[in-house]
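Written out below as structure tokens is the structure these notes cover.
All of the numbers you see were taken from the coordinates with simple rules; none came from a lab. Source: prediction; values computed, not measured. Counting neighbours? That spans all protein chains shown, and the Cβs are built from the backbone with ideal geometry, glycine included.
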Amino acid sequence: MADRPLKLRDLRRILRRHGVGEDPSLGNGSHTTFVKRFPDGTFSFPLPTHGRDVVLVCYVKAIRKKFRLTEAHGVSDREFYGG
């Protein structure tokens with residue numbers, strides 16, 4: 001299974017399941033910011049929304065890499081997507 005575009009609400013649900021929060025104080029209306037704490041620091045990812053309901057696959061890949069949710073970090077595609 002390869003990365004794919006996701007609805008924003010589905011991405012939020014998946015990220016919550018993996019311990020990634022959303023910080024509304026860091027967004028400015030056209031972006032939302034996801035945040036996760038690790039022992040070596042806190043990482044954030046501002047995601048442009050621009051009123052879209054679908055998150056492009058390039059952002060899904062970048063988010064997975066940023067929050068260590070890739071196969072290289074021990075999280076399979078099946079585990080990430082919940083299948």
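Things worth noting here:
- Test result for residue 64, under 17 Å from residue 82 (Cα atoms), under 9 Å from the mean Cα position of the chain (by Cα) and without any contact (Cβ under 8 Å) to a residue 24 or more places away in the chain: no
- Total residues in segment 1-42, condition out of contact with any helix residue (DSSP H, G or I) (no Cβ under 8 Å at 6 or more places or on another chain) and of a type in the set (Ser, Thr, Tyr): 3
- In segment 19-59, of all residues being touching a strand residue (DSSP E or B) at 6+ places or on another chain (Cβ under 8 Å) and part of a loop (DSSP other than H, G, I, E, B), the one that is surrounded by the most Cβ atoms within 10 Å (Cβ to Cβ) corresponds to 20.
- Residue selected from segment 67-83 under the condition farther than 21 Å from residue 21 by Cβ and in contact (Cβ under 8 Å) with a residue 12 or more places away in the chain, by the criterion surrounded by the most Cβ atoms within 10 Å (Cβ to Cβ): 77
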